[in-house]
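Bear in mind that the values in this text are calculations on the coordinates, not laboratory data. Nothing here was measured: the structure is a model prediction, and the numbers come from that model. Because the Cβ atoms are built from the backbone with ideal geometry, glycine has one as well, and the counts that use them run over all protein chains shown.
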Amino acid sequence: MQTTTADRSSKSNMDHWNLRADLAAAFRWAARLNMHEAVANHFSVAVNASGTRFLINPNQMHFARIKASDLLLLDAEDPSALDAPNAPDPTAWGLHAAIHRTCPHARCVMHTHSIWATVLACLADSTLPPIDQNTATFYNRYLVDDAFGGLAFEAEGLRCASMLSDPARKVMIMGNHGVLVVGDSVADTWNRLFYFERAAETYVRALQTGQSLRVLSPEIAEKTARELEDYPGQADAHLRELRAILDDENDPYAT
C-alpha cells in the first residue's frame, strides 16, 4: 500500500513535522528543476513567533537527498551552533541566521544560484522590466544588491539582511551572486522563487533575440502585480501538488 503524507505525519514524532516536509519537498523540486548548486545553497524556515529559531539544510548535503528528518533546528541567537558536531555551513549560518534574527517578516528564506536569476544578477543592469505576466509579478517588489562582498560569512550576511527591512520587497537580486527570496511560508517563498526564475529566463531569452522589448506601462505592471498578489491559494496549491507528486512516487522526502 502506498504511504501517504498523512501516514508519514501520524507516524512521525519529529517537531515541526509539516514544516520539515514542506521544506524537504522544496529542496527536492529545486534539484529536479536544476535550481541548485550541488551541495551549496540553502533554504530555511522559522518555527517560532519571533522567527529566531529556524530549520535549515545540513552542511553539504545535495538538495535531491534532503529529507524532513535531516533538517537542522538552529537558534539565530546562539552562535555556538557553529561549534556543534552537526554544524551548519558557515555561509548558511552567516546569511540565514542574520535574516531570521533581524527580519521577523522573513519567515522563510531561500537562496540559490539558479541559472537564469544568476545570469540576471551578472548583468551591469540587473533590473527586471515588466514584459510579461511573470516579470510583472515582481514590479516594484524586488531590490538589487550591487555591493557583493564575497562569501556570505557573518559580516556579509548582516549586510544582506540589512537590505531586507521593507516587507514589500521579497526578492533580492544579489549582484554577482544569485538570488534570495523571502516569504510568509515555505509555499509562499517557493512559489515566488519558482516564478522569479521563470521571469528571469523570459527576460534573458528576450534580450537574446536582439529585438526591442514590449515593456508594460507602470500602471498595468502594478495592476498585474497586485492581482497576482491577491490571487487565491496559488502558492499553497503549488506546493501541495508537488508534495502529492512526490507521495505518488513514494519519494522519502517526508521521512
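Laid out as a table, the results:
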read-out	value
Equivalent-ellipsoid semi-axes of the stretch 137-183, from the Cα gyration tensor, Å, largest first	19, 11, 8
All-pairs alpha carbon distance profile, the stretch 1-148, 5 Å steps from 0, percent	2, 9, 16, 18, 19, 16, 11, 6, 3, 1, 0
Alpha-carbon centroids, the stretch 140-185 and the stretch 81-106: separation in whole Å	15 Å
Estimated vicinal HN-Hα couplings, Hz - the stretch 55-68 in sequence order (Karplus 6.51, -1.76, 1.60; Gly, Pro = x)	8, 8, 5, x, 5, 6, 10, 5, 3, 5, 10, 6, 10, 4
Lys, Arg +1 and Asp, Glu -1 on Cβ, resulting dipole of the stretch 5-254 about Cα centre, debye, nearest 20	240 debye
Rg ratio (alpha-carbon, reference 2.2 N^0.38 Å) - the chain	1.00
With Cα atoms, 0 to 90° folded angle of helix 234-248 axis to the chain main axis	50 degrees
Note, ³J(HN,Hα) from phi for the stretch 171-179, Karplus 6.51, -1.76, 1.60, rounded to Hz, x at Gly and Pro	10, 10, 7, 8, x, 6, 9, x, 9
Taking the stretch 5-254 and dividing mean pair separation by its residue count, relative contact order in percent (alpha carbons under 8 Å, at least six apart)	23 percent
Three-way shape call for the stretch 103-183 based on the alpha-carbon gyration tensor, with the a/c threshold at 1.5	oblate
Cα long-axis angle, helix 218-229 against the chain (0 to 90 degrees, to the nearest 10)	20 degrees
Degrees separating the helix 186-208 axis from the principal Cα axis of the chain, which is the longest one	30 degrees
Estimated translational D of the stretch 106-253 in µm²/s (Stokes, Kirkwood radius over Cα pairs; 37 °C; 0.692 mPa s)	202 µm²/s
Size of electric dipole in the stretch 53-169: Cβ of Lys, Arg +1 and of Asp, Glu -1, about Cα centre, debye, nearest 20	340 debye
Highest to lowest packing among 133-141, 45-53, 18-26, scored as the average C-beta count within 10 Å	18-26, 133-141, 45-53
